[in-house]
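The values are calculated or read from the model by the stated rules, or taken from the named source; none is laboratory data. All of these numbers come straight from a predicted model, not from anything done at the bench. Note that each Cβ is placed from the backbone with ideal geometry, even for glycine, and that neighbours are counted across all protein chains shown. Side chains included, ligands, DNA and RNA excluded: accessible areas come from the protein's heavy atoms. Shrake-Rupley method; radii C 1.70, N 1.55, O 1.52, S 1.80 Å.
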Amino acid sequence: MTRKRSRKKQLPETPVKATIESLAHDGRGVAHVDGKAVFIDAALPGEDVEFIYTESRRDYAEGKVVKLLSRADDRADAQCAHYGVCGGCSFQHVESSAQIRIKQDLLKEQFRRIGKVEIPELWQPLEGPHWGYRRKARMGVKYVAKKNRVLVGFRERRHPYLAEIDSCIVMHPIVGAKLTALSEMIGHLSIRDKIPQIEAAIGDEQCVLAIRVLEPPTAADQERMKNFAKDHNITLCLQAKGPDSIVPLEGEPEVIPTYALPDQNIEFKFRPAMFTQVNYEINRQMINRVLNAFNLNKNDTVLDLFCGLGNFTLPMAKFAGRVVGVEGDQPLINHAKENARHNSITNVEFYAADLSKDISDQTWAKQKYNKIMLDPSRAGASEVLHYFKKWNPGQILYVSCNPSTLARDAGILVNELGYKLIKAGVMDMFPQTGHVESIALFEK
């Protein structure tokens, strides 16, 4: 029996007029057409627009602006020629100070709606450079035979295809200004169609690009890569499989990038595929905010959950009596221990543990902590929060890259565990995008 294929409903091609009423949590404008919510890229509240549909579902639709009929005061002219096609940014059409205000309003709304918690006091937003700030990125690579060229960069907005771009002004210029040169170099390799991605890791002084290779490069390929690296003052290395397979080009020394926290006299070493904050200026301000809020002394025992390679752990250990860092990724924990040794910090302990699972039998989990720091992934930390009853910390600092899960977890801390939200705020870790980095302080 042959099954009849369901045909996707064809979208109308004629532009539709609409008035933008508000912003969604991802920064898209929200309008209503024929009673249905439409989420429209690059549209701002108060604007009248003409848009075309890009997706239509039963409960909502999506679209993109084809003509502005009126212009909001917060609108800015995008500085990148690829904006709107490349999916790396989504907020270049918004004036910089308005980006901060929008993200702050979103944080308040998420706390109120999801967590059922009002923010009593807002921290002053942390701001830094708006351009050229990004120091970590995974870029796609694709050889397009029809055009006989290699594309290097990011996916198109809401599409799986690589955008055809020649630069990225949000990336640090040591990489962002050299996408064309990188593309041309790869285009001359024998394995140009066997390279799917590049992991960019830019330290304070070093830039390392880990090139994912599905087949080994020839000796001539490696020589071309070495010459490119020398000409552009960067380091290229090869990644044959997972992150642990990253190795230098043949005959070249291993270069390990570093970033420093000058205020705490700490230097971190990290490998290209490891998680680090993308914006060093905001990271330094964020760590100072954590230290100021905790006001640590030698009587404090601090637990740092989702500690990564010790980004918060080591600065806190400079002031606290003892700090314990926990992270689910064993290689990160190994590197955190290495960074503690590198900085001669001895009052820290690091443990590998999956914080979404039962941790009650872990030695570190049976101890007491008077202050807890956590910086989870976008999924949040709801699974580990019920252990806070046992630890009973007096202060909690929660750093988040997802205001929705932060708001959910704030609701648990306040409405179920009896904590009081003292203050919260946004940190502009990702200018020109809709991503919101935020921080919240809770006390008992």
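Does Leu107 qualify as being under 20 Å from the mean Cα position of the chain (by Cα) and closer than 23 Å to Gly434 by Cα?
yes
Between a residue in region 237-256 that is closer than 22 Å to Phe275 by Cβ and in contact (Cβ under 8 Å) with a residue 24 or more places away in the chain and any residue that is of a type in the set (A, V, I, L, M) and open to solvent by 60 Å² or more (accessible area, probe 1.4 Å), which pairs come within a Cβ distance under 9 Å, given they are 6 or more apart or on different chains?
Matching pairs, first to second residue: Cys237/Val247; Leu238/Val247; Gln239/Val247; Ala240/Leu214; Ala240/Val247.
Since Lys269 meets every condition but one in (1) farther than 21 Å from Gly132 by Cα; (2) in contact with a His (Cβ under 7 Å, 6 or more places away or on another chain); (3) open to solvent by less than 10 Å² (accessible area, probe 1.4 Å), which condition does it not meet?
(3)
Within region 375-386, is even one residue modelled with pLDDT of 95 or more and within 24 Å of Asn297 (Cβ to Cβ)?
There is at least one residue in region 375-386 that is modelled with pLDDT of 95 or more and within 24 Å of Asn297 (Cβ to Cβ).
Restricting to region 229-243, and then to whatever is over 15 Å from Ile198 (Cα atoms) and not polar (S, T, N, Q), can you tell me which residue is least open to solvent (accessible area, probe 1.4 Å)?
Looking at residues that are over 15 Å from Ile198 (Cα atoms) and not polar (S, T, N, Q), I get His232.
Name the pairs whose Cβ atoms lie under 8 Å apart, with the first residue in region 11-40 and on the phi > 0 side of the Ramachandran plot, the second hydrophobic (A, V, I, L, M, F, W, C), and 6 or more positions between them or separate chains?
As it stands, the answer is Gly27/Phe91; Gly27/Val94; Gly27/Ile102, since those pairs meet every condition given.
If only one of Lys142, Lys136, Lys108 is under 25 Å from Asp221 (Cβ atoms), open to solvent by 10 Å² or more (accessible area, probe 1.4 Å) and basic (Lys, Arg), which one is it?
On the way: Lys136 fails: under 25 Å from Asp221 (Cβ atoms); Lys108 fails: under 25 Å from Asp221 (Cβ atoms).
When all the criteria are applied, what remains is Lys142.
Is at least one residue of region 420-433 aromatic (Phe, Trp, Tyr), crowded, with 21+ Cβ neighbours inside 10 Å and in contact (Cβ under 8 Å) with a residue 60 or more places away in the chain?
Among the residues of region 420-433, at least one is aromatic (Phe, Trp, Tyr), crowded, with 21+ Cβ neighbours inside 10 Å and in contact (Cβ under 8 Å) with a residue 60 or more places away in the chain, which makes the answer yes.
Could you please find all residues in region 401-444 being aromatic (Phe, Trp, Tyr) and part of a strand (DSSP E or B)?
Phe442
Go through region 183-204 residue by residue and tally those that are part of a helix (DSSP H, G or I) and of a type in the set (A, V, I, L, M, F, W, C).
The first filter runs over region 183-204 and keeps only residues part of a helix (DSSP H, G or I), leaving 183-187, 192-194.
Now narrow it down to the ones that are of a type in the set (A, V, I, L, M, F, W, C): 185-186.
Residues meeting the conditions: 2.
Listed residues Asn299, Asn334, Asn311; which is more than 30 Å from Ile114 (Cβ to Cβ), open to solvent by 10 Å² or more (accessible area, probe 1.4 Å), not in a helix (DSSP H, G or I) and not aromatic (Phe, Trp, Tyr)?
Asn299
Does Ile100 satisfy being in a helix (DSSP H, G or I), modelled with pLDDT of 95 or more and of a type in the set (A, V, I, L, M, F, W, C)? Before the answer, list the steps.
Values: in a helix (DSSP H, G or I): yes; modelled with pLDDT of 95 or more: yes; of a type in the set (A, V, I, L, M, F, W, C): yes.
Answer is yes for this residue.
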